[in-house]
Amino acid sequence: MPVEVTVRHMNVSDTIQAYARSKAEELSEDFPRIEHVHMIIDREKRHKVVSVVVQARNHVRVEAEEAAENLRAAIDAATEKAERQLRKLRDKVQEHRPKPAKVKETREGEDAEEFEGGVL
């Protein structure tokens with residue numbers, strides 16, 4: 001699974017890029033249908049902004065963005081947000097099964113007692 005880490009408007013050490021890659025690979029371990037992960041690390045004034053774009057099979061695309069003063073905290077929060085969205089999508093698909101039709105069990109003795117009691 002390809003993982004891209006893009007850095008904009010600042011320089012980031014190799015350890016931070018490796019940390020971002022490892023967090024993206026953790027997503028792919030939990031969700032094997034992921035085809036591509038793109039992390040965008042950006043700086044806006046004092047905050048570091050991390051955007052995570054995850055593409056999976058069957059046209060599934062999840063985007064999560066988080067801002068924080070600490071870069072590692074922003075990476076953690078963005079990947080957690082993407083993971084929540086992926087988990088919600090997966091649960092929605094797994095639980096989308098039609099409920100089995102209920103079969104009415106009628107017993108002749110019970111029906112006869114209802115009509116004899118003057119229900120009609």
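The values are calculated or read from the model by the stated rules, or taken from the named source; none is laboratory data. Computed from a predicted model, the values in this text were never measured in an experiment. Because the Cβ atoms are built from the backbone with ideal geometry, glycine has one as well, and the counts that use them run over all protein chains shown.
Among the residues of the range 44-63, count how many are basic (Lys, Arg) and modelled with pLDDT under 95. If you could, list the steps in order and put the result at the bottom.
Going through the range 44-63, the residues basic (Lys, Arg) turn out to be 45-46, 48, 57, 61.
If we keep only those that are modelled with pLDDT under 95 as well, we get 45-46, 57.
Counting residues in the range 44-63 that are basic (Lys, Arg) and modelled with pLDDT under 95 gives 3.
Go through (1) at pLDDT below 70; (2) closer than 21 Å to ALA20 by Cβ; (3) hydroxyl-bearing (Ser, Thr, Tyr) and name the single condition THR79 misses.
Against the list (1) at pLDDT below 70; (2) closer than 21 Å to ALA20 by Cβ; (3) hydroxyl-bearing (Ser, Thr, Tyr), THR79 comes up short only on (1).
Can you tell me how many residues within the range 1-30 are among the β-branched types (Val, Ile, Thr), without any contact (Cβ under 8 Å) to a residue 40 or more places away in the chain and touching a strand residue (DSSP E or B) at 6+ places or on another chain (Cβ under 8 Å)? Working first, answer last.
Of the range 1-30, the ones among the β-branched types (Val, Ile, Thr) are 3, 5-7, 12, 15-16.
Filter once more, so that each one left must be without any contact (Cβ under 8 Å) to a residue 40 or more places away in the chain: 3, 5-7, 15.
Subsequent filtering for residues that are touching a strand residue (DSSP E or B) at 6+ places or on another chain (Cβ under 8 Å) retains 3, 5-7.
Qualifying residue count, the range 1-30: 4.
Restricting the search to the range 51-78, which residues are surrounded by fewer than 19 Cβ atoms within 10 Å (Cβ to Cβ) and acidic (Asp, Glu)?
GLU63, GLU65, GLU69, ASP76
For the range 2-21, check the following and say yes or no: at least one residue is modelled with pLDDT under 95 and under 22 Å from GLN94 (Cβ atoms).
There is no residue in the range 2-21 that is modelled with pLDDT under 95 and under 22 Å from GLN94 (Cβ atoms).
Quick check on GLU66: is it among the acidic types (Asp, Glu) and more than 25 Å from GLN94 (Cα to Cα)? Outline the logic, then answer.
Values: among the acidic types (Asp, Glu): yes; more than 25 Å from GLN94 (Cα to Cα): yes.
Taking the combined requirement at face value, the residue satisfies it.
Being without any contact (Cβ under 8 Å) to a residue 12 or more places away in the chain and basic (Lys, Arg) is the filter here, so list the residues in the range 44-66 that pass it. Talk me through it step by step, then tell me what you get.
In the first step, residues of the range 44-66 are kept if they are without any contact (Cβ under 8 Å) to a residue 12 or more places away in the chain; the result is 45, 59, 61.
Correct list: LYS45, ARG61.
Using beta carbons and a limit of 7 Å, which pairs, at least six apart or on different chains, have the first residue in the range 90-113 and farther than 30 Å from PHE31 by Cβ and the second one part of a helix (DSSP H, G or I) and at pLDDT 60 or above?
Every condition considered, no pair remains.
For the range 31-43, check the following and say yes or no: at least one residue is assigned to a helix (DSSP H, G or I), in contact (Cβ under 8 Å) with a residue 40 or more places away in the chain and either among the aliphatic types (A, V, I, L, M) or in contact with a strand residue (DSSP E or B) (Cβ under 9 Å, 6 or more places away or on another chain) (or both).
Step one: list which residues in the range 31-43 are assigned to a helix (DSSP H, G or I), which gives none.
No, the range 31-43 contains no residue that is assigned to a helix (DSSP H, G or I), in contact (Cβ under 8 Å) with a residue 40 or more places away in the chain and either among the aliphatic types (A, V, I, L, M) or in contact with a strand residue (DSSP E or B) (Cβ under 9 Å, 6 or more places away or on another chain) (or both).
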